[in-house]
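The values are calculated or read from the model by the stated rules, or taken from the named source; none is laboratory data. As the structure is a computational prediction, the values presented were derived from the model and not from experiment. FYI the Cβ positions are ideal-geometry reconstructions off the backbone, even for glycines, and counts take in every protein chain you see. Calculation scope for accessible area: heavy atoms of the full protein, side chains included, ligands and nucleic acids excluded. Shrake-Rupley method; radii C 1.70, N 1.55, O 1.52, S 1.80 Å.
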Amino acid sequence: MKTEKGNSSLHSRLTLTGLLVTIGIVFGDIGTSPLYVMKAIAGANPSLGEDYVLGAVSCIIWTLTLQTTVKYVLIALHADNKGEGGILALFALLRKMPKRWLYAVAAIGAGALIADGMITPAITVSSAIEGLDIMFPSVPALPVAVGVIILIFIMQQAGTGRIGRLFGPFMLVWFLTLGVLGVCSIGAWPSVFKAFNPLYAVRLLVSSPEWFLVLGAVFLCTTGAEALYSDLGHCGRKNITASWMFVKAMLILNYLGQGAWLISTGHAATNPFYAIMPGWFVPVGVVMATGAAIIASQALLSGAFTIFSEAINLDFWPKLKIKYPTTEKGQLYVPAVNWALLAGCLLTVALFRDSGHMEAAYGLAITVAMLMTTVLLALWLRSRGVSAVLCVVFFSVFVTIEGLFFVANMFKFAHGGWFTLLAGGIVAAVMMVWYRATRVRSRYVDYRSMDECASVIIDIKNDGGIPKYASNLVYLSRTPETGLIESKIFYSIANKQPKRADHYWFVHIDFTDEPYTLDYSVKIIAEESIYAVTLRLGFRVAPRVSVYLRQIVEDLVAAGRLDLRSGYESLRRRGIPGDFRFIILHRIFSPSSMCGKGEARLMRAHSWLRRLGISDRDALGLDTSIVAAETVPLIINTSPGRRIVARE
């Protein structure tokens, strides 16, 4: 706990180190957008008149200002959950509101972000490698891009603790290079500064028949804004806000430089990002662009791992194996997610072949994520006491902006947008089904009074005729309060196979709406016999139950509230502690349930989706413990059934 607080304190301060780290890990996605944005804009209208280019650059400038600066930097970064950001952290702040549809908004947004994380490595790496065509046209870019992409995903297993320290200096040089290249190219058409006048953007959108193509390309300049919000916990609001001013200035200078080159040459066949470079610098530019693409991909993959970690603890996803390759805050690795995203990324490359075609698939999913964030932010503003009028204004302005981007990107649907919507839709559907099914299952768990059952359990403990099952018997319980015990747990102890033990432990995990909560409470139901433990874990804390229980037991022994010595006399004389055995109950939906078709379908879907995850034993950190799994029926009766009667 001290480490987390220390880290939070560090990230809350504005420091040069914090600024450098922020530049390295937050702005990778948005910082690589100059690789393809102006190229996509030029492809939307090859005639490239002055008004067209000025209008497009003006759209970029004001999109970065309104969408990224105002919505995300000035507003969203204040919507933090104990310093953590992102759409699921925002949902955790709001999920107690009496709006049952909020989970669907969060699931759709999270699914869209995962789809973005799948295609971003493909388009950024491909765009960077394609710069080789300028110097070495005979070198095939596609195999090189595939090799780099595979390397990125392999790197995740070792974590990014060491190489992450290089991200900041590298990205600082990258952004300075963007700015310098832009400044050097602005001289080709100094009037490009007219693009700061928003009238050029309005005039283009009103007069151009290809406005939807222009907006679809312009939107790519802000696709990293959602990742910026998700990285709030890594760097802190002050560092992100301050570093964004520098990053935005360098991006705009580069876009202005590319725009000036397009106006002066009227040439759309070459990627203007590389065209504004001196010939001798192009190989260096390709290497730097590839490095920036790797860093951008790394940031998005880390964000994807975090999303799934949060989703598991918020009941949006089946349990997955999570590894912690480094000791740094926020560093985690989810193998199943990593390899699934790699497969999706390679499929993207195979389907679209080059970055030009990938642009058609890029952007549509992330507009959906941004719309979902707008909905949740409007509700958050209202919950914080902001006037209803201002909330409506905020909602209306950004839904209009993002709605226009969504409509513009929908024109890409048949050309590739369907791909990311399909991927994001599958993830969102799983999240919604799992969340709803988990809620339904919890509603039909039966409980009994702990006081009523305690005397029976103590009698079993004292009955020498029953073979001892374990010195310490631990049940993982869903019981919401210590005064209750699940009927199936009591049935397991007393009926299924009477289980005698020296100590009975009932452990309940309460996942809180805060990210890094890690504390516990213990209620002693019967001295030296029955203990009810509640673990309070934040939604970003790994549920290492056996580790935490061991620490709790140590505290109880130190306080003189527990004698841990074995109940076997030969072992007790030597002070050897008793063994621990865990029992996990698997509730299987029973065919004898009498419920509606909708709930029955949800339960069957839940049973099928469980195969996507790992066992409770592995997910709860019990892989080194003695664990027994018992299957019990989950019977849902929502309608009275007929009772059999005796025949006279």
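Collect residues whose amide H, placed 1.01 Å from N in the peptide plane, falls under 5 Å from the amide H of Tyr520; neighbours closer than 5 in sequence don't count.
Arg536
Mind ranking 146-153, 416-423 by how tightly packed they are, going by the mean number of other C-beta atoms within 10 angstrom, highest first? Walk me through the intermediate numbers first.
Working: 146-153: 17.1, 416-423: 20.8.
Highest mean packing first, the order is 416-423, 146-153.
Hey, rough spin-label estimate for Asp446 and Ser191, points 7 angstrom out along Cα→Cβ, what's it come to in nanometres?
8.3 nm
How big is the charge dipole of segment 525-571 about its Cα centre, in debye rounded to the nearest 20, if each Lys and Arg gets +1 on its Cβ and each Asp and Glu gets -1 on its Cβ?
Details: 6 positive and 6 negative charges, 88 e Å.
Roughly 420 debye for segment 525-571.
Rolling a 1.4 angstrom probe over the protein chains, ignoring ligands and nucleic acids, what is the accessible area of Asp354 in square angstrom, nearest 10?
Answer for Asp354: close to 50 Å² accessible.
Dipole size in debye (nearest 20) for segment 57-148 around its Cα centre, Lys and Arg Cβ +1, Asp and Glu Cβ -1? Write down the numbers at each step before the final one.
Values: 6 positive and 5 negative charges, 147 e Å.
Using only the charged Cβ atoms, the result is roughly 700 debye.
Please give the peptides 400-409, 362-371 ranked by average Cβ packing (other Cβ atoms within 10 Å per residue), highest first, as a rough proxy for protection. Walk me through the numbers on the way to the answer.
Numbers: 400-409: 19.0, 362-371: 27.3.
Going by the mean number of other Cβ atoms within 10 Å, highest first, we get 362-371, 400-409.
Please tell me the relative contact order of the chain in percent, rounded to the nearest whole number, where contacts are Cα pairs under 8 Å and at least six residues apart. Present the calculation step by step, with values, prior to reporting the outcome.
Numbers: 1072 pairs, mean separation 123.9, N = 648.
It comes to 19 percent, rounded to a whole number.
Can you give the charge dipole size of the chain about its Cα centre, rounded to the nearest 20 debye, using +1 on the beta carbon of Lys and Arg and -1 on the beta carbon of Asp and Glu?
The calculated dipole for the chain is roughly 1420 debye.
Going highest first, how would you order 111-120, 68-77 by mean Cβ packing within 10 Å? Please list the in-between numbers first.
Working: 111-120: 28.4, 68-77: 20.3.
Sorting 111-120, 68-77 by mean packing, highest first, produces 111-120, 68-77.
Looking at the chain, what % of its DSSP beta bridges pair antiparallel, to the nearest 5?
Numbers: 14 of 44 bridges.
Bridges in the chain that DSSP calls antiparallel: roughly 30 percent.
Run through segment 472-554 and list the chymotrypsin sites (Phe, Trp or Tyr not before Pro) located in a DSSP loop whose Cβ has at most 14 other Cβ atoms within 10 Å.
Working: sites: Tyr475, Phe490, Tyr491, Tyr504, Trp505, Phe506, Phe511, Tyr516, Tyr520, Tyr531, Phe539, Tyr548; in loops: Tyr516, Phe539.
For chymotrypsin sites (Phe, Trp or Tyr not before Pro) across segment 472-554 that sit outside H, G, I, E and B with at most 14 neighbouring Cβ atoms in 10 Å, the list is empty.
Which one is right for this structure if volume of the Cα convex hull per residue in Å³ is calculated from it: (i) 168; (ii) 356; (iii) 188?
Matching entry in (i) 168; (ii) 356; (iii) 188: (iii).
What is the sum of charges around Ser309, taking Lys and Arg as +1, Asp and Glu as -1, for the other residues whose C-beta is under 12 Å from the C-beta of Ser309?
Working: positive: Lys319, Lys321, Lys323, Arg540; negative: Glu84, Glu310.
Net charge around Ser309: +2.
Tell me, how many Å apart are the Cα centres for segment 73-116 and for segment 227-241?
So the two Cα centres are separated by 15 Å.
For the pair Ala628 and His357, what calculated FRET efficiency results from E = 1/(1 + (r/R0)^6), where r is the Cβ-Cβ distance and R0 = 56 Å, to the nearest 0.05?
Numbers: r = 54 Å, r/R0 = 0.96.
So the FRET efficiency works out to roughly 0.55.
Could you tell me the calculated FRET efficiency between Ile458 and Ala600, based on Cβ-Cβ distance and R0 = 45 angstrom, to the nearest 0.05? Write out the running numbers ahead of the final one.
Working: r = 40 Å, r/R0 = 0.89.
Computed FRET efficiency for Ile458 and Ala600 comes out at 0.65.
What is the percent carbon and sulfur in the accessible area of the chain, measuring with a 1.4 Å probe over the protein chains and ignoring ligands? Mind showing how you got there, number by number?
Values: 16800 of 27190 Å².
Carbon with sulfur: 62 percent of the solvent-accessible area.
At Ile635 and Asp563, where each label point lies 7 Å from the Cα along Cα→Cβ, what is the point-to-point distance in nanometres?
That separation, rounded to one decimal, is 4.2 nm.
How far apart, in nanometres, would the label points at Gln157 and Arg439 be if each is projected 7 angstrom from Cα along the Cα-to-Cβ direction?
Result: 4.0 nm between the two label points.
Report the full-extension gain for the segment Ser396 to Ala646: residue separation times 0.36 nm, less the Cα-Cα distance, to one decimal in nm. Write out the running numbers ahead of the final one.
Details: separation 250, 0.36 × 250 = 90.00 nm, distance 6.69 nm.
Fully extending the segment from Ser396 to Ala646 adds 83.3 nm.
Ser383 to Ser607: FRET efficiency via 1/(1 + (r/R0)^6), r the Cβ-Cβ distance, R0 35 Å, to the nearest 0.05?
On the way: r = 36 Å, r/R0 = 1.03.
Taking R0 as 35 Å, the efficiency between Ser383 and Ser607 is 0.45.
Could you tell me how many degrees, from 0 to 90 and to the nearest 10, lie between the Cα long axis of helix 16-25 and the main elongation axis, the longest principal axis, of the Cα atoms of the chain?
90 degrees
Enumerate the amide H contacts of Arg448 below 5 Å, restricted to partners 5 or more residues apart or on another chain; note that Pro and chain-start residues carry no placed amide H.
Ile485, Glu486, Ser487
Would you grab the residues whose amide H sits under 5 Å from the one on Glu514? Only those 5+ places off in sequence or on another chain, please, with H modelled 1.01 Å from N.
Phe539
Mind checking the angle between helix 388-410 and the chain's longest principal axis? C-alpha axes, 0 to 90 degrees, to the nearest 10.
70 degrees
Quick check: the angle from helix 2-12's long axis to the longest principal axis of the chain, C-alpha only, nearest 10 degrees?
Taking the Cα atoms of the chain, the angle to 2-12 is about 20 degrees.
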